[in-house]
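The values are calculated or read from the model by the stated rules, or taken from the named source; none is laboratory data. Since this is a predicted model, take the numbers as computed values, not measurements. Note that we place each Cβ from the backbone using ideal geometry, even for glycine, and neighbour counts take in every protein chain shown.
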Amino acid sequence: MALIAAGAVVALVGAYVAVPRWGGFHAWEYAAALVVLMALLASYALGARTGRDGDVGRWLMLPIIGAFIIGAAGLIDGLLGPDSDVVQRAPGSVAVVSEVRAAAFFPAADAGDIGRGDVGITVRRRNGAALVLTPGSRAYVGATALQAVPRVAAYVEATDDAGERLTVTQPTNPAFLSPVALFSTLVPIGGRQVPADSFAIPARHRALKVFYFAAGSIPGLQARGFAGGPLVLFAVDDEHGSLVPGGIAAAPSGRFVAIGGLRLRATLGTYPALAVSSIPSPALLWLGGAIFLGGLLSAGFALVRSRPPSAPAGGTLCIT
Amino acid sequence: MPLSRNVLVTIVVAVALVAVALGVNSYFGGNGGVIGGGGGGPALLAGTPAQSYAVASLGGGSGSLSRYRGRVVLVNLWATWCPPCRSETPALERLYRQDRARGLVVLGIDQGESAKTVASFVRAMKLTYPILVDEEQRYGGSYAAIGLPTTVIVGRDGKIVRGIDGALSFAQMREAVDPLLRSTSPTQG
């Protein structure tokens, strides 16, 4: 029973390290489960100390202590550690990640980069080497897990009727000159929350809103010529904020549409955001893990050595 | 061999003390939280390496900031539709003509427009300093531009000395580059 509880503690904390972004690790239910299991371990340890389970009980003390330390690490971080944070920045931006004393560089990206979705985030530590997080990959730095999480993005291009390129800006975004839509806003449309972003085309005194619709999210679009993939909806306003005549159009990724005196194209793909999650103290995990495993090995070894040798078959031979 | 009671208690107490110390230290040993750095303007970039991208050059072929490594470069991010940018160009041209012999490079990097649009404006204004056409707006994104024009002064070592948003007068431009031109050190002003 004690070994099962110890194994459960190790498994629960192991899950915390493996999937650190799950918010449930900071919930009271997780803490309660650990406390109950650790109380079982403590109860067994106290009983074993008085010889309740004989030698077996004493041999199991070390793995139980190790599991207890691991459980304490999980409990401390679950209760005191910060919730996971996701840092989303425009291409070319830098964010300071103070948990690991580093700066995260979000590289510049063009339409091809967004379409392929293969841009990684570089994390440069003050005293260490640079760490490149490719989309989906995770790295552990001390008691922090860093992961590059791909997020839907669109590279927006605007030209005039002659095909001459026009500057795309984001007046309400710190990354003023980024033409990449990160869809960080949700707008209610038709009873659903639709990811949206906004831009300006200052050379034509136009404001542009871009809405993202995932594949299959709008029934009936196939009947209207859209072949089932994701698409964007453009809405063009004049400088007074009024929709220009004919200023709404939908388009799949990579296709130009002509609206509001502009030719607009959005290349859909992904751009990574940086997920920063705390994990239980690595020092405690290593300490507890070493004691747990070492204790298991030691107990197993001692158990094998303590077995009495088996009696020979047929009894003894008496010679009278 | 089973552990004696005293040894066991000693181990438990010692381990518990170590565990508490390590656990507490990991929460109070450093700062927490992510500080956003996506905004704040180019002034925050002082001291950092200036990013360089190969983009189209109005003179033909491609060009980049790194081509001017070893010289003092006044990088001007601009666009033809931007009134303060247009009003600034005569001062930039004047500065370039006066200080070119002292090793100054004025590098205009147009943001987001096509070469034809830029060339038409450059011809009309009779500009002679090098112009790059950054259709993808990479420089603007990397230099934390919060508007146009944005001026970034890059030292001989390729690091940003100063970032300024908004139009500059000729006197302000001269004040920004003179200390670097006078100095023989890569970054000293």
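Would you check which residues across the stretch B:71-95 are within 14 Å of chain A (Cβ to nearest Cβ) and either surrounded by 19 or more Cβ atoms within 10 Å (Cβ to Cβ) or of a type in the set (Ser, Thr, Tyr) (or both) and list them?
Answer for the stretch B:71-95, where residues must be within 14 Å of chain A (Cβ to nearest Cβ) and either surrounded by 19 or more Cβ atoms within 10 Å (Cβ to Cβ) or of a type in the set (Ser, Thr, Tyr) (or both): B:VAL75, B:ASN76, B:LEU77, B:TRP78, B:ALA79, B:THR80, B:TRP81, B:CYS82, B:CYS85.
What pairs come out if I take residues in the stretch A:22-34 that are farther than 20 Å from A:ALA6 by Cα and pair them with residues that are part of a loop (DSSP other than H, G, I, E, B) whose C-beta lies under 9 Å away, six or more apart or interchain?
Between residues of the stretch A:22-34 that are farther than 20 Å from A:ALA6 by Cα and residues that are part of a loop (DSSP other than H, G, I, E, B), the close pairs are A:TRP22/A:SER84; A:GLY23/A:ASP83; A:GLY23/A:SER84; A:HIS26/A:GLY81; A:HIS26/A:PRO82; A:HIS26/A:ASP83; A:HIS26/A:SER84.
Going through the stretch A:26-42 one residue at a time, which ones are under 13 Å from A:GLY78 (Cα atoms) and out of contact with any Pro (no Cβ under 9 Å at 6 or more places or on another chain)?
If the condition is that a residue be under 13 Å from A:GLY78 (Cα atoms) and out of contact with any Pro (no Cβ under 9 Å at 6 or more places or on another chain), then A:ALA27, A:TRP28, A:GLU29, A:TYR30, A:ALA31, A:ALA32, A:ALA33, A:LEU34, A:VAL35 are the ones that fit.
Taking the stretch A:77-102 as the region of interest, how many residues are out of contact with any Ser or Thr (no Cβ under 7 Å at 6 or more places or on another chain), in contact (Cβ under 8 Å) with a residue 40 or more places away in the chain and part of a helix (DSSP H, G or I)?
The qualifying residues number 2.
If you go through the stretch B:134-169 one residue at a time, how many are in contact with an Asp or Glu (Cβ under 9 Å, 6 or more places away or on another chain) and assigned to a helix (DSSP H, G or I)?
Of the residues in the stretch B:134-169, 2 are in contact with an Asp or Glu (Cβ under 9 Å, 6 or more places away or on another chain) and assigned to a helix (DSSP H, G or I).
Being assigned by TED's automatic domain parsing to the domain that holds A:GLY92, on the phi < 0 side of the Ramachandran plot, within 31 Å of the chain's Cα centre (by Cα) and not in a loop (DSSP other than H, G, I, E, B), is that true of even one residue in the stretch A:239-255?
Yes - at least one qualifying residue is present in the stretch A:239-255.
Here is a list of conditions, (1) out of contact with any Gly (no Cβ under 6 Å at 6 or more places or on another chain); (2) over 17 Å from A:PRO20 (Cβ atoms); (3) among the hydrophobic types (A, V, I, L, M, F, W, C); (4) within 12 Å of chain B (Cβ to nearest Cβ), and A:ALA95 meets all of them except one; can you say which number that is?
Unmet for A:ALA95, out of (1) out of contact with any Gly (no Cβ under 6 Å at 6 or more places or on another chain); (2) over 17 Å from A:PRO20 (Cβ atoms); (3) among the hydrophobic types (A, V, I, L, M, F, W, C); (4) within 12 Å of chain B (Cβ to nearest Cβ): (1).
Out of everything in the stretch B:114-143 that is under 24 Å from the mean Cα position of the chain (by Cα), at the interface with another protein chain (Cβ under 7 Å from one of its Cβ atoms) and buried (at least 19 other Cβ atoms within 10 Å of the Cβ), what residue ends up being farthest from A:THR167 (Cα to Cα)?
Across the stretch B:114-143, the extreme among qualifying residues is B:SER142.
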